[in-house]
Amino acid sequence: MSRDTLLVALTATGSALCWWPAIIEPSVDFSRWILLVLVALITGLATTLSDGRWLRFVAACTIGAFVGLCVGFVLFPSSDGIANSYAPIAVVVATLATLFVSLVAGLVGRSYRCRIRITGVRSGLRWHTVLHSGQ
């Protein structure tokens, strides 16, 4: 499996699963913009670490969020019937917000990646920097 294929799969999975803590009842009371920050980080880092084609990460993040929201609302339905009727609207709004945020993060990651390429930092060094930055 190539590195870009693995990054696309991880991007879609991460953006799908990050919505579930907000769907499961009892939900943790946190601001929903934190989820969009996670989506931006996932897309931006994947774009920076990739070998190009930043739009595939934007598409993977958006599709992953849509599938994750749909599956989340099916697996964890709300106890309130009226809230369940608004689930499709929440899915559409959250998917559009994810599309916008991941598009911006993809562009930022692409510009950062281009800056790294201009300065001559190799791809392996990018991976090493990200993987070992916490140590």
Inset, instruction - Would you mind ranking SER85, SER78, SER50 so that the residue whose beta carbon has the fewest other beta carbons within 10 Å leads the list? - result: SER85, SER78, SER50
Inset, instruction - Mind checking segment 51-120 for trypsin sites (Lys or Arg not before Pro) that DSSP puts in a loop (not H, G, I, E or B) and that have at most 15 other Cβ atoms within 10 Å? - result: ARG53
Inset, instruction - Enumerate by residue number the chymotrypsin sites (Phe, Trp or Tyr not before Pro) in segment 1-94 meeting two conditions: DSSP loop (anything except H, G, I, E, B), and at most 11 other Cβ atoms within 10 Å of the site's Cβ. - result: PHE30
Inset, instruction - Name the shape class, rounded, prolate or oblate, that the alpha-carbon gyration tensor gives for segment 1-43, where a ≥ b ≥ c are the square roots of its eigenvalues, rounded holds for a/c under 1.5, and otherwise prolate holds if a/b is larger than b/c and oblate otherwise. - result: oblate
Inset, instruction - Could you tell me whether segment 3-131 comes out rounded, prolate or oblate from its Cα gyration tensor? Rule is a ≥ b ≥ c as square roots of the eigenvalues, rounded for a/c under 1.5, then prolate if a/b exceeds b/c, otherwise oblate. - result: prolate
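Taken together, the values in this text are just the output of simple stated rules run on the coordinates, not laboratory data. Note that this is a predicted model, so its numbers are computed, not measured. Every residue, glycine as well, gets a Cβ built from its backbone with ideal geometry; the counts of neighbours run over all protein chains shown.
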